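Bear in mind these aren't lab numbers, they're just calculated from the coordinates by the rules spelled out. Nothing here was measured: the structure is a model prediction, and the numbers come from that model. Here the Cβ positions follow ideal geometry from the backbone for every residue, glycine too, while neighbour counts run over all protein chains shown.
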Amino acid sequence: MATVFLDIGSNIDREENIQSCVDQLRVDFKDIVFSKAYESESFGFEGDPFINLSAKLETDLSFEALNIYLKTIENKHSRKRNNKKFIARTLDVDILLYDDLILQPEKDLPRAEILKFPFVLFPLAEIASDVIHPLEKITINEIVNATKLDKNSIKEVKSFPKEQKKSKKSIQ
């Protein structure tokens with residue numbers, strides 16, 4: 001079993017899309033854990049604010065199979081794909097860490113965004129503080145303590161995500 005950390009974000013119908021994603025992940029990964037959700041301004045383009053949160057799960061899926069599974073969830077939420085990195089998104093689900101696997105630069109694993117953006121680092125630290133970053137060779141908590149990223153640039157979204165209400169079917 002691999003231990004995996006994800007970043008989940010949206011700035012289009014944010015709460016609806018993220019809640020639906022969280023509900024699906026809860027069906028398919030029984031012991032999944034989520035950080036608090038945080039709002040932040042869009043980065044790299046003019047757009048509505050994002051909500052982001054991190055998730056921790058255990059899986060037998062390979063990195064490639066998990067990536068396909070996550071793209072399937074994004075596609076079910078009308079995710080539009082193009083070559084622009086910074087655009088509005090219905091749903092964006094990225095693998096931040098997959099055990100101590102390093103797939104740089106071809107797959108951006110571990111994700112470079114961990115070290116670049118507060119909306120990725122700080123939620124991740126809530127659920128992965130003692131995890132060692134495979135490239136930095138220090139814990140996520142040590143990265144937080146050394147970072148110049150501004151935690152005040154993100155704001156907690158209270159009481160979100162909600163507990164699952166309606167049942168979903170597994171898509172694995």
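Applying a 10 Å radius around every beta-carbon, put 157-163, 28-34 in order of their mean neighbour count, most first.
28-34, 157-163
Step through the residues of the range 14-26 one at a time and calculate ³J(HN,Hα) from phi using the Karplus curve (6.51 cos²θ - 1.76 cosθ + 1.60, θ = phi - 60°), rounding each to whole Hz and writing x for Gly and Pro.
Computed from phi, the couplings for the range 14-26 are 3, 5, 5, 5, 5, 4, 4, 5, 4, 4, 5, 4, 5 Hz.
Can you sort Glu41, Glu64 so the residue with the fewest Cβ neighbours within 10 Å comes first?
Ranking Glu41, Glu64 by Cβ neighbours within 10 Å, fewest first, gives Glu64, Glu41.
So, with +1 on the Cβ of K and R and -1 on the Cβ of D and E, and no other charges, what is the size of the charge dipole of the chain about its Cα centre, to the nearest 20 debye?
560 debye
In whole Hz, what ³J(HN,Hα) sequence does the range 112-123 give by Karplus (6.51, -1.76, 1.60; θ = phi - 60°), x for Gly and Pro?
4, 4, 4, 8, 9, 10, x, 6, 9, 4, 5, x
Report the one residue of Ile95, Phe160, Phe122 whose Cα lies farthest in the direction of the positive end of the charge dipole of the chain (charges on C-beta: Lys and Arg +1, Asp and Glu -1; origin at the Cα centre).
Sorting the options by dipole projection puts first Phe160.
Could you rank the peptides 132-145, 47-60, 2-15, 92-105 by their average count of other C-beta atoms within 10 Å per residue, with the highest value first?
Most protected by this proxy first, the peptides run 2-15, 47-60, 92-105, 132-145.
Can you tell me how much longer the chain between Thr3 and Glu142 gets when fully stretched, taken as 0.36 nm per residue apart minus their C-alpha distance, in nm with one decimal?
48.1 nm
What distance in nm separates the simple spin-label points at Asp48 and Ile171, each placed 7 Å from Cα in the Cβ direction?
About 2.0 nm, to one decimal.
Just checking my list (i) 0.97; (ii) 1.02; (iii) 0.93 against Rg/Rh (Cα atoms, Kirkwood Rh) computed from this structure; which label fits?
(iii)
Suppose R0 equals 22 Å. What FRET efficiency, 1/(1 + (r/R0)^6) with r the Cβ-Cβ distance, do Ala88 and Ser153 give to the nearest 0.05?
Efficiency at R0 = 22 Å is approximately 0.70.
Grab the DSSP H runs of the chain that are 4 residues or longer, score each as -39,500 (n - 2.57), total them, divide by all residues and round the 222 nm result to the nearest 500 deg cm²/dmol.
-9000 deg cm²/dmol
Give me a comma-separated list of calculated 3J(HN,Hα) values for the range 63-70, in order, Karplus coefficients 6.51, -1.76, 1.60 applied at θ = phi - 60°, integers in Hz, x for any Gly or Pro.
My calculation for the range 63-70 gives 3, 5, 5, 5, 4, 4, 4, 5 Hz in order.
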